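Following this message is one structure expressed as structure tokens.
Throughout, read-outs are computed from the coordinates displayed, never taken from laboratory work. Treat the numbers as computed from the prediction; the structure is a model and nothing was measured. All Cβ positions, glycine included, derive from the backbone under ideal geometry; neighbour counts span all protein chains shown.
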Amino acid sequence: MQKDGSSSEAPSNHLGRVRHRKRSSEVSQDANKTNGANLLVNDRNKYKSMLIRTYSSLWMIGGFIFIIYMGHLYIWAMIVVIQIFMARELFNLLRKANEDRQLPGFRLLNWHFFFTAMLFTYGRFLSRQLVNTVTSDKLLYQLVSWVIKYQMVICYFLYIAGFVWFILTLKKKMYKYQFSQYAWTHMILLIVFVQSSFTVANIFEGIFWFLLPASLIVINDIAAYFFGFFFGRTPLIKLSPKKTWEGFIGALGTTMFSAFVLANLMGCFQWLTCPRKDLSTGWLHCDPGPMFKPEYYPLPGWVPHWFPWKEVPIMPVQWHALALGLFASIIAPFGGFFASGFKRAFKFKDFGDSIPGHGGITDRMDCQMVMAVFAYIYHQSFVMPQSFSVEMILDQILRNLTFEEQQILYEQLGKIFQDRQSMLT
């Protein structure tokens, strides 16, 4: 009897796999047999796809520039919207409609964990900005201070509530699917929040530290596409058959040059270089610091005497930009290769279809997330001053002391200053 049962199930499973492979959103196996046939140089429809890709890219770049002009808070909102779209695409990736119909409310549990992770992540990164925004209102300040103080407890019990919710929804014959979805949900939270939270931290350190790395990824992607489009002959990696060594090397040179030039252009605008200490949207004015002040280097002796410039102004941040450009060209593309391998493992062409010619939001953000983490770590390690500053101490005071404790500290400091002045006189 068992033998007959297994033989009856085999054809149905086989047919299910055949139907599964024929979906338009997935990669055909014939396309993976040879790398040469997949190169853009040999693609007959490449000009049509290039026009679609270029058109959607121009719309995205235009919208991105407008949001940058609006300021830090709007960029943060854009990041949140991108995270929601990424989570939706990833949640749907391994979703099975038949099982979901038998588990009403199970999909809502994914979003419960998502927004709990959002509260935990942004509460940790933006507590200082939130406190600085509400300091003028005593009642609101006390409320916000209480929320920040007990934020980890709140997030923990929200997570425990989701955990208990998951246990109570376990259903017989659905255990494997439910536990796989539970693990997949946590993997999504790890991918989306752990990396993109660094993006938000970069924004409030100065839009420069968000805009430059993000721009370098875009430039590298565009340059690799066009160099591979016109000159690509040698396949780079089997995970992405259309990637070529010509595109990789051409993008490397273009990105390094762009990093050096863009750092100089962006460093001239205080709107991009000044850190934001609160959640307001007003214009910024600050001392850009030595990192954004040009240093003059004399030209070598072999330069002709008729050349009008004897010195070249270079900002110190331009040397740091070269490190960012090198990472964006060599390491960050492996985020895209990882995504390509993941899609091929599940036989999907794209994570979604929300961007014509590009696929889904996740398809555009794979390299950006890797770059955002590096930019944050690099800024904290090599750019941020390591010694204590007045701003760092004030940040700790506002974050850890209550309003009454801050008043006591203020009075004690006043007494110390009076005693020192009396000793000097």
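Hey, got the Cα dimensions of region 107-249 along the principal axes, in Å, largest first?
Answer, in whole Å and largest first: 63, 55, 16 Å.
Report ³J(HN,Hα) in whole Hz for each residue of region 188-202, in order, from the Karplus equation J = 6.51 cos²θ - 1.76 cosθ + 1.60 where θ = phi - 60°; Gly and Pro get x.
Going residue by residue, I get 5, 4, 5, 5, 6, 8, 4, 8, 6, 5, 5, 4, 5, 4, 5 Hz, with x marking Gly and Pro.
Ok, one more. Give or take rounding to whole Å, what are the principal axis extents of the alpha carbon atoms in the chain, in descending order?
Rounded to whole Å, the extents work out to 104, 73, 31 Å.
Show me 301-311, 411-421, 276-286, 226-236 ranked by packing, highest mean number of other Cβ atoms within 10 Å first.
Details: 301-311: 7.2, 411-421: 9.8, 276-286: 14.0, 226-236: 18.4.
Ranking, from highest mean packing down: 226-236, 276-286, 411-421, 301-311.
By its C-alpha gyration tensor, with a ≥ b ≥ c as the square roots of the eigenvalues, how is region 195-344 shaped: rounded for a/c under 1.5, else prolate for a/b larger than b/c, else oblate?
Oblate, because a/c is 1.5 or more while a/b does not exceed b/c.
Another question, if that's okay. When the chain is fully extended, how far beyond the present Cα-Cα distance does Trp111 get from Asn92, taking 0.36 nm per residue of separation?
5.6 nm
Which value at 222 nm does the chain reach when only helices count, each DSSP H run of 4 or more adding -39,500 (n - 2.57), with the total divided by all residues and rounded to the nearest 500 deg cm²/dmol?
The helix-only estimate for the chain comes to -22000 deg cm²/dmol at 222 nm.
Ranked highest first by average number of other Cβ atoms within 10 Å, how do 99-106, 206-213 line up?
206-213, 99-106
Related question: Please tell me which of these pairs span more than 31 angstrom C-alpha to C-alpha: Lys96/Lys149; Lys48/Lys238; Lys171/Lys347; Lys96/Lys238; Lys242/Lys293; Lys171/Lys343?
Lys96/Lys149; Lys242/Lys293
Using 0.36 nm per residue, how much length does the chain from Arg420 to Ser381 gain when fully extended, once their Cα-Cα distance is taken away?
Working it through step by step, the gained length comes to 10.4 nm.
Working from the pairwise distances between different alpha carbons, so that the mean of 1/r is found and then inverted, what is region 207-276's Kirkwood radius in Å?
Here the Kirkwood hydrodynamic radius works out to 13.1 Å.
What is the spin-label model distance, in nm, from Arg101 to Lys347 if the labels are put 7 Å beyond Cα along the C-beta direction?
Calculated label separation equals 2.2 nm.
Among Trp309, Ala251, Ile67, whose Cα sits farthest toward the positive end of the charge dipole of the chain (+1 at Cβ of Lys/Arg, -1 at Cβ of Asp/Glu, about the Cα centre)?
Of the listed residues, the answer is Ala251.
Using a simple spin-label model with points 7 Å from Cα along the Cα→Cβ vector, what separation in nm is obtained for Met60 and Val147?
In this crude spin-label approximation the distance works out to 3.3 nm.
Obtain the nm distance between the two label points defined at Tyr156 and Gln396 by a simple spin-label model: each point lies 7 Å from its Cα along the Cα-to-C-beta direction.
In this crude label model, Tyr156 to Gln396 measures out at 2.4 nm.
Out of Tyr296, Tyr376, Tyr141, any idea which swings most in a Gaussian network model of the chain, alpha carbons joined below 10 Å?
With Cα springs under 10 Å in the chain, the top fluctuation among Tyr296, Tyr376, Tyr141 is at Tyr296.
Using Cα pairs under 8 angstrom and six or more residues apart, how large is the relative contact order of the chain, in percent?
22
Taking K and R as +1 and D and E as -1, what net charge do the other residues with C-beta under 12 Å from the C-beta of Met365 add up to?
-3
Can I ask one more? Two decimals is fine: what is log10 I(q)/I(0) at q = 0.11 Å⁻¹ for region 290-425, from a Debye sum with one equal scatterer on every Cα and no solvent?
-0.80
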